[in-house]
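The values are calculated or read from the model by the stated rules, or taken from the named source; none is laboratory data. Note that the structure is predicted; figures quoted are calculated from it, not measured. Glycine gets a Cβ as well: all are built from the backbone with ideal geometry, and neighbour counts include every protein chain shown. Keep in mind that these areas ignore ligands, DNA and RNA; they rest on the heavy atoms of the full protein, side chains included. Shrake-Rupley method; radii C 1.70, N 1.55, O 1.52, S 1.80 Å.
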Amino acid sequence: MNSTNNFQGPLMFMGCTSDAGKSLVCALMCRYLANQGFSVAPFKAQNMSNNAAVTPEGGEIGRAQYLQAIAAKQPACADMNPVLLKPHSEKGAQVVVNGKVSHELHAKDWHQRKAVLWPAVTQSLARLGQRFPLLVIEGAGSPAEVNLRKSDIVNMEVALHSDASVYLIADIDRGGAYAHLLGTWMCLSQAEQAKVKGFVLNKFRGEQALLEEANIWLEQKTGIPIVAVIPWTAHQLPEEDNFFHRSTWQADVTNIALIVYPYASNLDEFDPLIYQAGVNVVPLREAQDLSQFDAIILPGTKHVEASRRFLAESGLEQRIVDAAKAGVRITGICGGLQILGEQNQDPQGVEGHSFAGLGLLALTTEYVSEKLTQQRQLTWRGELLRCYEIHHGQTRCLEAIDSFVEEGNGWQKDNIQACYLHDLFTNKAFCQDWLEGLGWQGQCQDWQQQTNQELDRLTTLLALPLQQIAEHAGLQSPLP
């Protein structure tokens, strides 16, 4: 790597708030630097998300870091996200360390976990640093959350340890961006303030000339410049965790109800449907008549029992059963598969206790403490499907019914189908077949290819602010 003398350590992006755009900025910076010839990798010490991906080695990491690895043109690995917290209640979360569930840490108080988690973070950083000359590091939430300072393993603690150059991002579309930047900076210690090299305004709409006076004011207050202004830009890349898509039933299109129960996970795997012309995906959290929909999807969930209970309490249970009797196609993925079955046995207390499913498929599931996490490639109708599995449940069929996608891993009876394989819809052949079975007419695209094209499109569109950040950090392309 060739760089100027004033660049030291990794690039690190923190936000004044959650959803400031850190994940996307990191992904686009990874792609920009990779296109410039840098050997670069992403890193986030700790992620809190139920959107998880599986690395080639079978480790579990946040989907945001998996996307950033794609952006950096590198295979994903557990070192890119050594700590993943997967919420399963208002106060509890499964702790994944180095890609595997840590049962030991689950029982520890949050402030007691740092003694175990911080070494995992520093060791992953060290391993990545040996492999890659340049790291793009993402913070979490805001470094100004002073109540969390003692247990910090993801924000300024990482910046100080790695000698990172920090760029603080504010979502100017929310309003109050300058107050956010100034207030966040003032909450930092002097040593932490010294790590902040520049401010970034994200999601800006309008003429940048209107910002000049405020930019000067902020630099006078802090000594730190506004390095880049990133315009608000629509995109089709997955969200890190929150599910922002909204829609209602529409005439003359293929309508799909997506049941968004509590702790629903990996919802980004349905992006190929959400962004498909002539398809309308409607997220549902309340009971309504489902007979008018062409299909209903029950997605995966981090807490199957809580999601199943929600269906009963919300009235969606009866609506789903009625739609099934009316012939509406119902597709369950992973936790959705288990909900569609008859019985879910939990002798080890993984979910909390045993519970009954909807009884739409003759399946019984037993939960075990060891989680299965693996990437999969299989041949389906002469086509190669790339998928992954991530589940505690072990399911068997109680009667002879048809297989769905893969024998012993998916089942179908009439209009009810379910499978343990995630990312099915990102495969062009499967998505095409599934939609055509609903009467849809169109042509699906290869979603992996489309994701790379979208990364390149956004990187080109936002080349100027990305270049401004890189140049401010002292990075020069190693390409001749």
Elements of type strands (runs of 3 or more DSSP E) contained in the range 306-394, each with 3 or more residues being β-branched (V, I, T) and either free of Cβ contacts under 8 Å to residues at least 24 places away in the same chain or surrounded by fewer than 19 Cβ atoms within 10 Å (Cβ to Cβ) (or both): 363-380
Test: residue in the range 89-97 that is of a type outside the set (S, T, Y), without any contact (Cβ under 8 Å) to a residue 40 or more places away in the chain, assigned to a strand (DSSP E or B) and open to solvent by 10 Å² or more (accessible area, probe 1.4 Å): yes
Lone qualifier among L105, L85 - being at pLDDT below 95, part of a helix (DSSP H, G or I) and either of a type in the set (F, W, Y) or more than 22 Å from L28 (Cβ to Cβ) (or both): L105
Residue within the range 281-299 that is in contact with a Lys or Arg (Cβ under 6 Å, 6 or more places away or on another chain), open to solvent by 30 Å² or more (accessible area, probe 1.4 Å) and aliphatic (A, V, I, L, M) present: yes
Candidate set: the range 60-85, residues that are open to solvent by 10 Å² or more (accessible area, probe 1.4 Å) and of a type in the set (D, E, K, R); chosen: the one nearest to Q374 (Cα to Cα): R63
Residue in the range 20-39 that is open to solvent by less than 20 Å² (accessible area, probe 1.4 Å), in a strand (DSSP E or B) and of a type outside the set (A, V, I, L, M, F, W, C) present: no
Given (1) part of a loop (DSSP other than H, G, I, E, B); (2) over 23 Å from F355 (Cβ atoms), number of the condition E399 does not satisfy: (2)
Residue match in the range 202-209 (condition: within 17 Å of M12 (Cα to Cα) and either among the aromatic types (F, W, Y) or at pLDDT 95 or above (or both)): yes
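Residue-wise test of (1) under 25 Å from G59 (Cβ atoms); (2) at pLDDT below 95.
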| site | (1), (2) |
| --- | --- |
| V281 | no, no |
| L290 | no, no |
| P299 | yes, no |
| E313 | no, no |
| G341 | no, no |
| Q348 | yes, yes |
| L363 | no, no |
| S369 | yes, yes |
